[in-house]
1. Which is the longest run of the chain containing none of the GluC sites (Glu not before Pro) found in DSSP loop states (not H, G, I, E, B) with at most 16 other C-beta atoms within 10 Å?
2. Per the helix-only calculation at 222 nm, which mean residue ellipticity applies to the chain, given -39500 (n - 2.57) for every DSSP H run of n ≥ 4 and division by its residues, nearest 500 deg cm²/dmol?
3. Heavy atoms only, probe 1.4 Å: what % of the accessible area of region 25-104 goes to carbon and sulfur, would you let me know?
4. Could you give the dipole magnitude of the chain about its Cα centre, charging the beta-carbon of Lys and Arg +1 and that of Asp and Glu -1, in debye to the nearest 20?
5. Return the FRET efficiency for the residue pair Leu102, Asn43: r is the Cβ-Cβ distance, R0 is 35 Å, and the value is rounded to the nearest 0.05.
6. Mind giving me the FRET efficiency for Ser12 and Ala32? R0 is 30 Å, r the Cβ-Cβ distance, nearest 0.05 is fine.
7. Considering only Cα-Cα distances, which of the following residue pairs are longer than 29 Å: Lys8/Lys49; Lys30/Lys73; Lys9/Lys30; Lys9/Lys98?
8. Trypsin sites (Lys or Arg not before Pro) within region 1-101: which are DSSP loop residues with at most 12 other Cβ atoms inside 10 Å?
Amino acid sequence: MEYEDLFKKITSWAHDRGIDQADPRVEFMKMAEELGELSAAYNKEHHAKMVDSIGDLQVALLIFCQLVGVDHKEAIEAAYNQINDRTGKTTTAGVFIKQSDLHD
């Protein structure tokens with residue numbers, strides 16, 4: 001299924017259940033809950049649960065964006081434009097440190 005079609009289905013699903021008119025704090029709490037579930041699944045190396053949690057987290061984020069009036073595509077594009085030309089170094093642990101944060 002194409003991403004745009006999927007987003008429309010998620011939006012419709014939220015609307016049918018009245019979630020698109022809910023208090024954004026409720027969806028924010030849902031994101032925190034899903035992030036906790038993702039953390040537990042990752043730590044326990046439960047791949048299927050990670051997939052489920054990542055999907056649930058994305059759905060909650062999309063609904064949250066809608067509730068607070070943020071275009072999710074615009075937000076991710078803005079984030080990419082910020083990091084696109086960023087330089088720095090990646091530690092042996094895999095942590096990227098941007099150039100402006102590197103200390104000589």
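The values are calculated or read from the model by the stated rules, or taken from the named source; none is laboratory data. The model shown is predicted, which means the values in this text are computed figures rather than measured ones. So basically every Cβ, Gly included, is an ideal-geometry build from the backbone, and we count neighbours across all protein chains shown. For the accessible areas, the whole protein counts, side chains as well, though only heavy atoms, and no ligand, DNA or RNA atoms are used. Shrake-Rupley method; radii C 1.70, N 1.55, O 1.52, S 1.80 Å.
1. On the way: sites that count: Glu2, Glu45.
That gives 46-104 as the longest site-free run.
2. Rounded to the nearest 500, the figure is -22000 deg cm²/dmol.
3. Numbers: 3530 of 6230 Å².
Carbon and sulfur together cover 57 percent of it.
4. 220
5. Working: r = 30 Å, r/R0 = 0.85.
The value I calculate is 0.70.
6. Numbers: r = 25 Å, r/R0 = 0.83.
E(calc), rounded to 0.05, equals 0.75.
7. On the way: Lys8/Lys49 24 Å; Lys30/Lys73 21 Å; Lys9/Lys30 19 Å; Lys9/Lys98 37 Å.
Where the Cα-Cα span goes over 29 Å, the pairs concerned are Lys9/Lys98.
8. Working: sites: Lys8, Lys9, Arg17, Arg25, Lys30, Lys44, Lys49, Lys73, Arg86, Lys89, Lys98; in loops: Arg17, Lys44, Arg86.
Qualifying residues, ordered by number: Arg17, Lys44, Arg86.
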